[in-house]
Amino acid sequence: MGIIVLRTMPSSDPETSSESAIALERDLYRRLLELGEEDDLKPFLQEALSLVVKITGAAQGYLELRHEGAHQADWCLAHGFSEGELEMLRATISSGIVAEALATGRTVETASALLDRRFQDRQSVRTGRIEAVLCAPIGGDAARGVLYLAGAAGAGPFSAEDTRRAELFTRHLAPFADRLLARARSRAAADPTLPIRERLRADRMVGHSAALASVLEQAALVAPLDVTVLITGASGTGKSALARLIHENGPRATGPFIDLNCGALPEGLVESELFGALPGAHATARSQMVGKVEAAEGGTLLLDEIGELPHAAQAKLLQLLQAHEYFPLGAAEARSADIRLIAATNIDLDRAVEEKLFREDLYYRLQVVPIRMPSLQERTEDLADLARALVVEASQRHGLPRLTLSPGTLHAIAASEWPGNVRQLSHALEAAAIRAAGQGLVRIEAPHVFPGAPSPGARGGEAATFQEATREFQRSLLLRTLKETGWNVTEAARRLDLARSHVYNLIKSFDLERT
C-alpha cells in the first residue's frame, strides 16, 4: 500500500497555464520513460514528483509505498513539506479514501470529503479539513500505493485533465513499485536504525550500526517519559548530542535545554552556577545570579561530567531530585523546580561510589534509566557516514566550498584509531577541510586529515600503519608515473585510470613539485 499527496493551488492565465502544463507533461512523460534505464530511482522520482506538483498547480507533494499489510511506509518521497507539516500529513491522511482506492483498484473522486457521506465522518477528514479529493491507485487491482490529491480550500473539484494526469503517473510508476519496495527492505536490513528513526527525530545521531540502533531504541523509550537519565560512555562519544535528542523528542521539547559542565568550573563556583546566588552570598555575587536550574525551568538540564560535582553540591542536587526544591546561595526559603535532569559522565561511577568520591544515594537517583554511548571502535561502520556529515558541518560553519572525502581518505579514516571518538574525528576533519579549501581543492585527501603522519621509513624501524603505507604508496606511485610521462598529467591520469582533475588534486595534496 502507499500514498502520493498533492495539495493544489489555483492556476493563473488559462492559455499560459495550458501551454506550460503541456510542456511539463511532456517532461514528466520523458522522465517516467527513463526510469527503466536507471539503477537509483529515487532522484528521478523526486524530479517526476516535482513535475507532477507543477502540472497540477500543487504546492506540495508526497509519495508513499507500502508492502501488503504494512502499517507504516516502506518507501516515501516528499516535495515542499516541512518536517512538522509532513508529520501532520501522515497523521491526518484519510485512511477511508485510501482504503477504498486500494480495495477497489479504482480512482476515487469527491468534490468535498467534508460533505461526502462516504467520508465526512472520518476523523482524518475532519482533522485535515479535506475538501476536493482525487485518489488513484498505483498498480490497479494489485495496488501497492495510491496517488492522493487533496485540493486547496476554495480551489474547487479536480478536472478531468487532473484525473488523466494522475492516472498517467500511477500507470507508469506501477512497474517500479516492487523494485522500490525491495530496495527499501534491503536498506532497512542494512540499516537497523531506520525503523527507530521513523518514530524519533534523530538527525543529530549519524550512522547505521547496530550499536547506534541500540542507543536510539533506548532513547525512543525514555524520551516521552519525564524521568531522569544517566548517560555514560568515553569522552567524545556524543553524550551531549544524545541528551539533546532526548530533550527534543520529549514532552519538554518546547522548553529550554541548558547544559552545565561540572568539571569546567572551580569548586567554589559550582553551587552558584547550578543553584544561583543572592547578592552578597559570596565575594563575586554583587547582584543576583540566575542558576542553571532556574534557567532550565520547564525544560531540561544536562549536567555533564557529573562525576566531578563536589560533595556539597551533590547533597543539594539530591534534595532537588527528591523534593523538586533547591536553595540559591544565601536564600532562606526553598524554590520549586520543574525540570527534567539528564546527567552524563565518562568515569566509572560504581567505582567512585566505592571510593566514597560520589554519593551512593545520588547515584541511585540518577540512574533511573542508564544509557551507554558506544565508542567509535564499537561502531566502525558509522565512520564513513560520520566523516561525511562532519565535513559538511565544518564547511557550512566556516563558509567553505562544498568538499568531499576521497575514497582513499575514507579508507585511512576507517583504518585509524580514534581514542577521542567523535570529538577527535570532528576536530581532525574540520582542520582537514580548512587545509583542503586553503589549497583551492574540492576534495579532502588523506594528508589533509593526517598532516604530520611519518612515512614508513621514519618510525625508527617500526612497521608503518595501514593508512601510512597507503598514503606513501599513493604518493610514490603518482610521482613515479609523473616522472615516466614527463609530467604529462593527461597521460598519467590515463595510466592510473583517474580523472585528470583528481591527479591535479593529488599533486597539490601531496605537495609534489617537478624537479
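The values are calculated or read from the model by the stated rules, or taken from the named source; none is laboratory data. The structure displayed is predicted, hence computed values, not measured ones. Ideal geometry is used to build each Cβ from the backbone, glycine not excepted, and the neighbour counts take in all protein chains shown.
Among the residues of segment 314-340, the ones that are under 24 Å from D226 (Cβ atoms), assigned to a loop (DSSP other than H, G, I, E, B) and charged (D, E, K, R) come to 1 in all. Restricting attention to segment 401-448 and to residues that are of a type in the set (K, R) and in contact (Cβ under 8 Å) with a residue 24 or more places away in the chain, the residue that is nearest to L390 (Cα to Cα) turns out to be R423.
Residues of segment 409-424 that are modelled with pLDDT under 90, over 13 Å from Q377 (Cβ atoms) and surrounded by fewer than 20 Cβ atoms within 10 Å (Cβ to Cβ): L410, H411. Just the residues that are within 25 Å of F473 (Cβ to Cβ), modelled with pLDDT of 90 or more, surrounded by fewer than 24 Cβ atoms within 10 Å (Cβ to Cβ) and under 26 Å from the mean Cα position of the chain (by Cα), please, taken from segment 425-442. Once the filter is applied, which keeps residues that are within 25 Å of F473 (Cβ to Cβ), modelled with pLDDT of 90 or more, surrounded by fewer than 24 Cβ atoms within 10 Å (Cβ to Cβ) and under 26 Å from the mean Cα position of the chain (by Cα), segment 425-442 yields L425, A428, A431.
Just so you know, in segment 34-77 the residues that are under 20 Å from H172 (Cβ atoms), in contact with a Phe, Trp or Tyr (Cβ under 6 Å, 6 or more places away or on another chain) and not in a loop (DSSP other than H, G, I, E, B) include one that is modelled with the highest pLDDT, and it is L65.
Can you tell me which residue is nearest to T237 (Cα to Cα) among those in segment 338-374 that are over 32 Å from the mean Cα position of the chain (by Cα) and in contact (Cβ under 8 Å) with a residue 40 or more places away in the chain? Taking the candidates together, the pick is A352.
What number of residues within segment 214-223 are in contact with a His (Cβ under 9 Å, 6 or more places away or on another chain) and not in a loop (DSSP other than H, G, I, E, B)? So that I can check it myself, show each step before the final result.
Residues of segment 214-223 in contact with a His (Cβ under 9 Å, 6 or more places away or on another chain): 223.
This time we only want the ones that are not in a loop (DSSP other than H, G, I, E, B), so: none.
Residues in segment 214-223 being in contact with a His (Cβ under 9 Å, 6 or more places away or on another chain) and not in a loop (DSSP other than H, G, I, E, B): 0 in total.
Given the residues A323, A344, which is the only one that is in the same structural domain as T232 (by TED's automatic domain parsing) and surrounded by 14 or more Cβ atoms within 10 Å (Cβ to Cβ)?
After applying the criteria, what remains is A344.
Total residues in segment 200-238 satisfying the condition of being within 16 Å of the chain's Cα centre (by Cα) and of a type outside the set (A, V, I, L, M): the figure is 8. Sort out for me the strands (runs of 3 or more DSSP E) sitting completely within segment 224-313 that have 3 or more residues that are surrounded by fewer than 20 Cβ atoms within 10 Å (Cβ to Cβ). Counting at least 3 such residues, we get 257-261.
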